1. Which order do the peptides 609-618, 555-564, 414-423 take when ranked by the mean count of other beta-carbon atoms within 10 Å per residue, highest first?
2. For segment 1-46, rounded, prolate or oblate, judged on the Cα gyration tensor with a ≥ b ≥ c (square roots of eigenvalues), a/c < 1.5 rounded, else prolate if a/b > b/c?
3. Would you grab the residues whose amide H sits under 5 Å from the one on Val362? Only those 5+ places off in sequence or on another chain, please, with H modelled 1.01 Å from N.
4. Find, among the trypsin sites (Lys or Arg not before Pro) in segment 416-493, those assigned to loop by DSSP (not H, G, I, E, B) with at most 15 other beta-carbon atoms within 10 angstrom.
5. Most exposed first by the Cβ proxy, i.e. fewest other Cβ within 10 Å, how do Cys458, Cys35 rank?
6. For a Förster distance of 60 Å, can you work out the FRET efficiency between the beta-carbons of Ser340 and Thr581, rounded to the nearest 0.05?
7. Can you sort Ile543, Ile151 from fewest to most other Cβ atoms within 10 Å of each residue's own Cβ?
8. Multiplying the sequence separation of Arg354 and Arg460 by 0.36 nm and subtracting their Cα-Cα distance, what value in nm do you get?
Amino acid sequence: MFSLLRDPDTTNLVLEFILDTPNGRRSVARLARTCKALQEPSLAVLWKELDSLNPLLYTMPTHLFKRAKRPGLGFTKAPEEGDWNRLLLYGQRVKRLAYNETAGNVHPSIFTAIEDINSEDYLLPNLRALSWRADTPDGLERSLLFLTPEIQSLTVEFGSRIPQGDIQEFLTEATANTSLTELSITSAARLPSNLTTLLRSQESLERVSLMAPGALSPSIGGWLSALPSLQSLQIDVTGRSDAAISAFFDHSSNSGTSSPDGIRTPDSGVFSGDELDSSSWSRSMDKPVMVDWSSMWKGYQQLRNLKLTGDATSCTTFLGRIGSPIQSLELVIDDPEEESDWQELCTTIHRRFRNTLQSWQVSATGASRFSDLVRSTARGDISYRRLSLDGLRSLPYLVRLEIDLPESAIFHDSDMLHVATACPNLEILKLCSVSRWPSAYGPPKLTLAGLAPLTAWCRRLHTLSIPVHAVESADERVFNWELSSPSLVRLHVGHSWVREPFNAAILLSHLAPSLESLKWFHEKNRPGYVEANNVAWQKVSDILSPLQRLRQQERQQARALVHAQSLVQAQVQPTVVPVPTAEKSVDATVHVVTESRGVLAKPSTEDVAVLASPVVSHRSTHTAQTVRSLEVDATRPTKHQEVDAVTPVHESNATGLARRKSVDQLDFDEKASYVPHTGAVFSAVGDTLSTLYQTVRSVSPPFILRLIDVFSIFSPSSLRTPVLSKITPVCQ
């Protein structure tokens with residue numbers, strides 16, 4: 001015991017096993033209270049998974065709640081800071097939490113109180129998985145209180161009353177600071193159109209489940225194919241046409257092709273986005289052409305587990321397009337309406353996954369189970385039909401096969417022969433184990449002797465669950481020792497019928513001599529209960545144990561006898577008897593007979609056509625010339641300069657009379673200075689004025705000249721300045 005406690009992993013495995021047993025939580029809680037060495041491991045196992053917040057609320061003082069035994073009804077007063085200590089202590093051990101708003105076991109005021117906690121850390125800091133079902137926007141918003149950065153698994157179910165705007169805001173906040181490895185979204189409304197944009201940052205996803213309308217959009221298909229670590233995918237294909245499923249793969253970022261395969265899909269990929277019903281076309285194809293598209297695809301290479309929900313036809317189309325090495329396949333379908341749909345599904349699975357498939361489970365949808373529940377009432381009528389397993393082809397690596405459909409529950413002895421031939425390595429086989437066989441309907445069609453092929457060829461089969469009719473077999477070959485199974489240890493016969501308990505126990509002890517557990521439905525309140533069958537199977541169980549011990553003793557003695565005979569034969573030496581000889585001649589001539597034969601070999605050919613549509617992209621380029629604006633100052637430079645325009649005085653004598661004339665000031669019209677002239681004009685005007693001045697001096701009397709000179713001498717300079725300023729531009 002103490003050596004067991006030294007290994008934490010082994011201790012956890014033992015405690016988890018105890019937890020799964022009836023009243024397991026009570027047993028683990030007692031271990032935590034009675035043994036200090038087991039206290040911490042037991043508490044860790046107890047608080048690891050919670051399906052409600054009520055266990056955490058029980059750790060708070062009871063006087064805070066309206067009802068102590070039902071803390072989810074709310075508080076009578078606001079909790080103080082110290083009242084949360086125990087809850088925060090046990091909250092550190094919680095790894096998985098589930099909440100259902102529809103249950104109504106937690107009052108909204110409790111979430112308000114949790115939001116007001118003055119704590120820097122989260123309420124459940126070590127939470128790794130969160131499952132939240134919300135029917136209202138407020139209920140969805142409360143989940144943000146538990147979205148820690150350490151969350152790795154998020155399962156959320158949106159009610160029909162939650163608008164898409166709130167869903168988008170929730171997904172934006174939920175994926176902002178988290179790195180998820182598992183994401184499950186279930187919604188009655190259509191998924192947001194920008195879902196791939198909201199989830200673009202989640203590149204480490206390994207398991208994705210999308211159960212909502214719009215899950216088969218081309219954008220989601222491209223996003224899923226680009227996830228490098230995607231290993232498990234669950235998707236809803238209910239009511240989707242072949243063209244829509246083809247578009248889901250055609251728009252994959254790594255598909256490399258835009259045409260669907262030849263399996264039941266006549267569309268070429270051009271109209272893949274349209275919702276076309278091509279089921280009538282698929283049924284008319286007598287010999288479909290199979291094309292291996294898996295070599296063309298690079299997406300979904302890590303995908304190993306696949307779960308599909310829908311009808312058999314849609315699932316067949318989806319499986320025909322996937323090229324991943326699927327190991328586990330789970331189909332949630334309605335009962336196949338036509339046998340050809342089921343046969344085609346089995347053929348597709350054989351062609352696609354015969355070398356990789358290890359587990360195959362077929363179960364019923366919610367609508368089918370509801371119909372079966374209605375039929376299970378006293379007034380309901382049971383209507384079963386056969387589900388033929390003749391189309392089951394070779395699946396050599398299949399170890400688990402489960403089929404549970406409410407209406408397709410009739411199997412024959414020949415079906416077990418096909419299962420044993422196609423799946424020789426089966427370990428678990430369950431075929432409609434909960435089907436009801438009341439007295440009004442009759443016994444099952446499969447007999448107990450019909451299980452002989454399974455026990456003979458499936459040498460690894462250890463669990464078998466199937467209703468049978470235990471009647472005495474007229475074929476003596478069923479008692480051949482080669483038909484005994486050394487591995488079958490668990491058998492569940494459900495509502496099976498038995499006619500002769502003793503004969504059934506003899507046959508069962510031969511087919512399964514190592515059987516350890518024999519179970520059947522014995523609850524009286526269970527639909528389909530027949531008291532006579534319950535009493536008969538109880539007798540079989542009582543007789544079986546002594547018969548098994550007798551069988552084992554007989555076979556041990558038989559093996560010992562065979563071994564002894566082999567030893568005796570090895571020790572006995574045969575006596576050599578001399579043989580008389582005689583000389584004879586024999587004609588050894590060889591007569592060769594030749595014969596000419598011919599073989600006509602005609603190869604069979606198949607025409608395979610592939611329509612490839614190129615992807616065309618349109619691009620446009622806008623060019624604009626770069627223009628620069630420059631300003632240039634083109635103002636002509638001017639220069640102002642003053643010039644003394646006073647003309648020097650010259651004296652001359654004419655006819656004995658000296659005449660002098662002096663001009664000190666010239667008065668010009670002010671308006672004349674604003675008239676533009678050229679340099680030549682100004683020069684000519686200057687010459688003319690000079691000539692006129694000389695002429696006036698020559699004709700003027702001397703006394704006048706002297707007066708002019710005297711006046712020019714004594715005249716102020718201010719009178720001459722305007723004259724000079726006006727003459728200067730003229731001379732220039």
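1. 414-423, 555-564, 609-618
2. Numbers: a/c = 1.95, a/b = 1.32, b/c = 1.47.
In terms of gyration-tensor shape, oblate.
3. Leu331, Glu402, Ile403, Asp404
4. Here the trypsin sites (Lys or Arg not before Pro) that fit, given the DSSP loop and packing criteria, are Arg459, Arg460.
5. Cys35, Cys458
6. Efficiency computed from Cβ-Cβ geometry: 0.25.
7. Ordered from fewest to most neighbouring Cβ atoms within 10 Å, Ile543, Ile151 come out as Ile543, Ile151.
8. Values: separation 106, 0.36 × 106 = 38.16 nm, distance 1.87 nm.
That pair, Arg354 and Arg460, stretches by 36.3 nm at full extension.
Since every read-out is calculated from the coordinates, none of them should be taken as a lab result. As the structure is a prediction and not an experimental result, all values here were calculated from the model. Cβ atoms come from the backbone with ideal geometry, glycine included; neighbour counts cover every protein chain shown.
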